[in-house]
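This is the structure, below, for whatever I ask next.
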Amino acid sequence: MTATTTAGPQRAPHRRSALPARLASYGTLLGLLVLIMLFTVLDEKGIFLTAGNFTNILEQVAVLAMVASVQTVVMVVGDFDLSVGALASLVGVLVAQLLTAGVPVVPAIAAGLAAGLLAGAINGFLVAYLGLSAFIATLAAMTSFTGLALLLSNGATIFGLPAGFVALGQGRLGPVPMPVIIALALAVMVWFVLSRTVLGRQWYAVGGNAEASRLSGVNTRAVRFSAFLVSGLGSALAGIILTARLASAHPTAGDPLMLSSIAAVFLGVTLSRVGQPTIGGTAVGLGIVGVLGNGLNLLQVNSYVQQVLTGLIIVLAVSLSQIVRRRR
Amino acid sequence: MKATAVLATRNLSKDYGPIRVVAEVSLDFHAGSIHALLGENGAGKSTLIKMIAGVLQPSDGTVEVDGVPVRFRSVKEGQAAGIVALPQELMLVPTLGAAENIFLGMRRPGLPGLLGRRRLTADAQEQLARLGQTFNVNTPVAELSAVQQTMVALARALAREARVLVLDEPTAALTDTETELLFSVLRGLRDRGTAIIYVSHRLEEVFALADTATVLRNGQHVWTKPMGQTRHDEVVASMIGRAPEQEFPPRATSDGEPVLRVTELSGWTLRGVSVQARSGRVLGVAGLAGAGRTELLRLIAGVERPQGGTVELDGIDITRSSVARSMAAGVVLVPEERRRQGLVMNASIATNIGLGSLKALSSGGVMQPHRERSLARRQAEELQIRATSVLQDVAELSGGNQQKVVLGKYLARTPRVLLLDEPTRGIDVGTKSEIYHLIRRLTADGVAVVVVSSEISELLGLADEVAVLHEGRLAGIVDAASTDQQTILHLCYGRLDA
């Protein structure tokens, strides 16, 4: 590296060690720790800080984690996918219908995943090739997917799923619930692609500056398209596991996943110095969402109140890190 | 000029942590005078004018208005005292018309909360008329030309009764004619008593326009002189702190081989242009804004699809290649706007340099970080990029060093044909010269270089031949060594008889 040859003042150097900067990077992580401590103190029955409850939390966020992992990818590219929850519901209903119609487990799941890919391809085509804004395209997709799920199920919950399928959602490998293992595997895969591969580099580059990427020879359309494909596939997987875990499919069962996944990614972005989504950050965001839900449940806080609190805490966390960042 | 300065700085200083970016600068700015601030990137010009305008707070020293010390806690307070700075990016609301932009944020007569459009339009027209402008004030400013947008920003400053106008690189996006128009407006304002502080890298402009010049180097005041008492070389030497090396390196000595052959190429504005680029030579491309200069490069590089004609590299047709294929074939375009088109601002030097060579830096789709870092180090060394390490974010670099990162990204592909669009825009004199020498080092290795520039003097000094475009057509190709600015300007305006 060339030594600095111009003597005298350049720009002020970035002081990574300064305390406020540290706080900006780790504020959200601190927030998670504070939440954990808070619930440990408030929980008089001593259930909160146990291995069993920890497994519970993981199990509760596993499906959300799958959606959040792929939402991270779409947000890295600079878009977001509003259709993830509706797609998860639709695929859940689809797979449940196939199973109750006697289709064996493996082909039913394969059909569900294929439907997810197709849905992702539609979103990707609309956004990357037709140039629609992701907001419009995926909002429209969300509406249609919900409609399809209602049509396919007649608006009713579908029961009577085979035990082999339900095991995917309710079984355990040793002490670890199956959904947790699947979510972890997906997250590790997404992490690897994001941080170690050419495709990941291109996702980040397109999110950072699409025009500069295009002029560097990156096929920006294909890159954005691929992000939506991943999102479709991941959402479909989440829908399948959710259905297995509930041993039933409901046409709106997956809907809350959309907002929660975006919230988790946004919480994670606050950990990044340059404001990019990362899988590590999303994991912390999921931690906050999961611990909050679990802790408030243990404290028997009314679920309506829980919703209000969750929203408030997300705003608090994000604005705190913004304020600290601005003061640098 | 013994009169009290309308604006003055007294030992004005700014510290960023332990670093003193502006050190005890004392300057006087007088009414009815255009005062140029000169210096390389990082010399402290921007910081100085930000303190004057109230954007930044001084660490030490004072700003005086009419001899009275003042302390602006915000831009608004500065504007209230009559000091208005036009930032480099004009900060207009693109979807609103000139009228709304001029009066945005100001209290208007009439009922509060209501716009009073007729009066607004009339007032805006009046403001623009003071600048000799008569365009439609209700056209969204995004649809105005660059110089008209500058006029809107000026009118906005005047509507706030600016006594001191601070202009930072106002001509960066303007063509030569537009620049002339702006200058006549600025001279008019000066003659009516406005003090103008003018920051620019283009020395010729400064010599044509300013009455007084101040040179800053490393945050310190070097000297202030009436413009008539200094010369180009003296200014450059003071800015860089040593005698300048020959600004332009020697031209090509051989005729080279035709590497790139463009035949009857057409696009949106380009109409049947045929040129060729020869190995070891620099082809300059001149023309007014909208003449199709940038489009020519983009069509060649596969960024835009041609509507007709062919592009051949060594006799092989590459007309409809994608950017990636053109790059692989050896045709590389370094785009015009480094922030918008050249860099991923929130990424590191290494990531940016690597972005053009992802295939070479990976195995089976998996990135090989050591390859990426060593490529980046090599380019940083070769181009003398000044940074703490290749892992530093490009956002933290100066403009000149950012431009070098963009160059490093594209040169890593070892191009055979290098297309450069405004390679020295907004870059300080020292770095400009480095880039000129770099271009000649490349041609010495047999690279064919095509340079688009709005500065005709740059093309005359740098290029071997200059192709001039006029309204999408080739107006002529002239030998750079034996022509002059006048001839090229005439061709730019389509006067073939010149």
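The values are calculated or read from the model by the stated rules, or taken from the named source; none is laboratory data. Because the structure is predicted, anything quoted here is derived from the model rather than measured. As a convention, Cβ positions derive from the backbone with ideal geometry for all residues, glycine included, and neighbour counts pool all protein chains shown.
Residues B:ARG441, B:ARG425: which one is free of Cβ contacts under 8 Å to residues at least 12 places away in the same chain, basic (Lys, Arg) and under 28 Å from B:ALA329 (Cβ atoms)?
Exactly one of B:ARG441, B:ARG425 is free of Cβ contacts under 8 Å to residues at least 12 places away in the same chain, basic (Lys, Arg) and under 28 Å from B:ALA329 (Cβ atoms), namely B:ARG441.
Related question: Anything in the stretch A:207-229 that is at the interface with chain B (Cβ under 9 Å from one of its Cβ atoms) and either surrounded by fewer than 20 Cβ atoms within 10 Å (Cβ to Cβ) or in a helix (DSSP H, G or I) (or both)? List them, or say none.
Scanning the stretch A:207-229 gives A:GLY207, A:GLY208, A:GLU211, A:ALA212, A:SER213, A:ARG214, A:LEU215, A:ASN219.
Sticking with this one: Go through the stretch B:56-87 and give me each residue that's out of contact with any Gly (no Cβ under 8 Å at 6 or more places or on another chain) and in a loop (DSSP other than H, G, I, E, B).
The answer is B:LEU56, B:GLN57, B:PRO58, B:SER59, B:ASP66, B:GLY67, B:ARG71, B:ALA81, B:GLY82, B:PRO87.
Right, here's the next one. Any idea which of A:LEU292, A:LEU271, A:LEU242 is at pLDDT below 95, under 30 Å from A:GLY31 (Cβ atoms), away from chain B (no Cβ under 14 Å) and part of a helix (DSSP H, G or I)?
After applying the criteria, what remains is A:LEU292.
Which condition from (1) more than 28 Å from the chain's Cα centre (by Cα); (2) more than 20 Å from A:THR220 (Cα to Cα) is the one that B:LEU296 breaks?
Tallying (1) more than 28 Å from the chain's Cα centre (by Cα); (2) more than 20 Å from A:THR220 (Cα to Cα), B:LEU296 fails exactly one: (1).
Being of a type in the set (D, E, K, R), in a helix (DSSP H, G or I) and more than 14 Å from every other protein chain (Cβ to nearest Cβ), is that true of even one residue in the stretch B:409-423?
No, there is no match, as no residue in the stretch B:409-423 is of a type in the set (D, E, K, R), in a helix (DSSP H, G or I) and more than 14 Å from every other protein chain (Cβ to nearest Cβ).
Is it true that A:LEU113 is touching a residue at least 12 places away in the same chain (Cβ under 8 Å) and either under 14 Å from the mean Cα position of the chain (by Cα) or not in a helix (DSSP H, G or I) (or both)?
no
Could you list, in sequence order, all residues of the stretch A:142-164 that are closer than 27 Å to A:LEU259 by Cα, surrounded by 13 or more Cβ atoms within 10 Å (Cβ to Cβ) and out of contact with any His (no Cβ under 7 Å at 6 or more places or on another chain)?
Of everything in the stretch A:142-164, those that are closer than 27 Å to A:LEU259 by Cα, surrounded by 13 or more Cβ atoms within 10 Å (Cβ to Cβ) and out of contact with any His (no Cβ under 7 Å at 6 or more places or on another chain) turn out to be A:MET142, A:THR143, A:SER144, A:PHE145, A:THR146, A:GLY147, A:LEU148, A:ALA149, A:LEU150, A:LEU152, A:SER153, A:ILE158.
Within the stretch B:299-318, which residues are buried (at least 18 other Cβ atoms within 10 Å of the Cβ), more than 9 Å from chain A (Cβ to nearest Cβ) and on the phi < 0 side of the Ramachandran plot?
The answer is B:LEU299, B:ILE300, B:PRO306, B:VAL311, B:LEU313, B:ILE318.
For residues that are more than 19 Å from B:ARG10 (Cβ to Cβ) and in contact with a strand residue (DSSP E or B) (Cβ under 7 Å, 6 or more places away or on another chain), scanning just the stretch B:216-229, find the one that is surrounded by the fewest Cβ atoms within 10 Å (Cβ to Cβ).
B:PRO226
Just one of the numbered conditions (1) within 14 Å of chain A (Cβ to nearest Cβ); (2) hydrophobic (A, V, I, L, M, F, W, C); (3) touching a Pro at 6+ places or on another chain (Cβ under 9 Å) is not true of B:LEU86; which one?
(1)
Next up: Assess whether B:VAL236 counts as being closer than 24 Å to B:TYR493 by Cβ, buried (at least 20 other Cβ atoms within 10 Å of the Cβ) and touching a residue at least 24 places away in the same chain (Cβ under 8 Å).
no
Output the number of the condition that A:VAL180 fails; it satisfies all remaining conditions of (1) over 21 Å from A:ALA62 (Cβ atoms); (2) under 22 Å from the mean Cα position of the chain (by Cα).
(1)
Hey, can you tell me all the residues within the stretch B:474-498 that are out of contact with any strand residue (DSSP E or B) (no Cβ under 7 Å at 6 or more places or on another chain) and not in a loop (DSSP other than H, G, I, E, B)?
B:ALA481, B:SER482, B:GLN485, B:GLN486, B:LEU489, B:HIS490
Taking the condition of being assigned to a strand (DSSP E or B), within 7 Å of chain A (Cβ to nearest Cβ) and not hydrophobic (A, V, I, L, M, F, W, C), how many residues in the stretch B:16-31 meet it?
Residues flagged as assigned to a strand (DSSP E or B), within 7 Å of chain A (Cβ to nearest Cβ) and not hydrophobic (A, V, I, L, M, F, W, C) within the stretch B:16-31 amount to 2.
Sort out which residues of the stretch B:377-393 are closer than 22 Å to A:VAL274 by Cβ and facing chain A (nearest Cβ under 9 Å), and write them in order of number.
Across the stretch B:377-393, the qualifying residues are B:ARG377, B:ALA380, B:ILE385, B:ARG386, B:ALA387, B:THR388, B:SER389, B:VAL390, B:GLN392, B:ASP393.
While we're here: A:ALA24 - would you say it is assigned to a helix (DSSP H, G or I) and modelled with pLDDT of 95 or more?
No; evaluated as a whole, the condition is false for this residue.
Then there is this: With (1) crowded, with 17+ Cβ neighbours inside 10 Å; (2) of a type in the set (Phe, Trp, Tyr); (3) part of a helix (DSSP H, G or I) as the list, and A:PHE80 as the residue in question, which single condition is left unmet?
Only one criterion is unmet by A:PHE80, namely (3).
Could you say which residue among A:GLY92, A:GLY46 is modelled with pLDDT under 90 and small (Gly, Ala, Ser)?
That would be A:GLY46, the only listed residue that is modelled with pLDDT under 90 and small (Gly, Ala, Ser).
Does any residue of the stretch B:166-184 turn out to be assigned to a loop (DSSP other than H, G, I, E, B) and among the β-branched types (Val, Ile, Thr)?
Within the stretch B:166-184 (the criterion being assigned to a loop (DSSP other than H, G, I, E, B) and among the β-branched types (Val, Ile, Thr)), the answer is yes, since at least one residue qualifies.
Another question about this same structure. Could you go through the stretch A:173-190 and let me know if any residue there is assigned to a helix (DSSP H, G or I) and within 30 Å of B:GLN341 (Cα to Cα).
Yes, there is a match, as at least one residue in the stretch A:173-190 is assigned to a helix (DSSP H, G or I) and within 30 Å of B:GLN341 (Cα to Cα).
Mind checking which pairs have a first residue in the stretch B:395-419 that is within 16 Å of B:VAL447 (Cβ to Cβ) and a second that is aromatic (Phe, Trp, Tyr), Cβ under 9 Å, 6 or more apart or different chains?
Going by the 9 Å Cβ cut-off, the qualifying pairs are B:LEU418/B:TYR410.
Which residues, counting only those in the stretch B:354-367, are polar (S, T, N, Q), surrounded by 15 or more Cβ atoms within 10 Å (Cβ to Cβ) and more than 7 Å from chain A (Cβ to nearest Cβ)?
The one that is polar (S, T, N, Q), surrounded by 15 or more Cβ atoms within 10 Å (Cβ to Cβ) and more than 7 Å from chain A (Cβ to nearest Cβ): B:SER357.
Still on this structure: If you scan the stretch B:324-340, which residues turn out to be surrounded by fewer than 22 Cβ atoms within 10 Å (Cβ to Cβ) and either within 19 Å of B:PRO415 (Cα to Cα) or away from chain A (no Cβ under 11 Å) (or both)?
Selection gives B:ALA324, B:ARG325, B:ALA328, B:ALA329, B:GLY330, B:GLU336.
If you don't mind, there's one more thing I want to ask. Output the residues belonging to the stretch B:202-232 that are touching a Gly at 6+ places or on another chain (Cβ under 8 Å) and either in a loop (DSSP other than H, G, I, E, B) or at positive phi (or both).
Of everything in the stretch B:202-232, those that are touching a Gly at 6+ places or on another chain (Cβ under 8 Å) and either in a loop (DSSP other than H, G, I, E, B) or at positive phi (or both) turn out to be B:ASN218, B:GLY219.
Restricting attention to the stretch B:96-145, and to residues there that are of a type in the set (D, E, K, R) and surrounded by 15 or more Cβ atoms within 10 Å (Cβ to Cβ), which single residue is nearest to B:GLY188 (Cα to Cα)?
It comes out as B:ARG130.
The rows are residues; the columns are (1) more than 30 Å from B:ARG371 (Cβ to Cβ); (2) within 14 Å of chain B (Cβ to nearest Cβ).
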| site | (1), (2) |
| --- | --- |
| A:GLY169 | yes, no |
| A:VAL176 | yes, no |
| A:ALA185 | no, no |
| A:TRP191 | no, yes |
| A:GLY200 | no, yes |
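Additional query: Quick check, is B:SER398 surrounded by fewer than 24 Cβ atoms within 10 Å (Cβ to Cβ), farther than 30 Å from B:ALA286 by Cα, within 10 Å of chain A (Cβ to nearest Cβ) and polar (S, T, N, Q)?
The answer is no for B:SER398.
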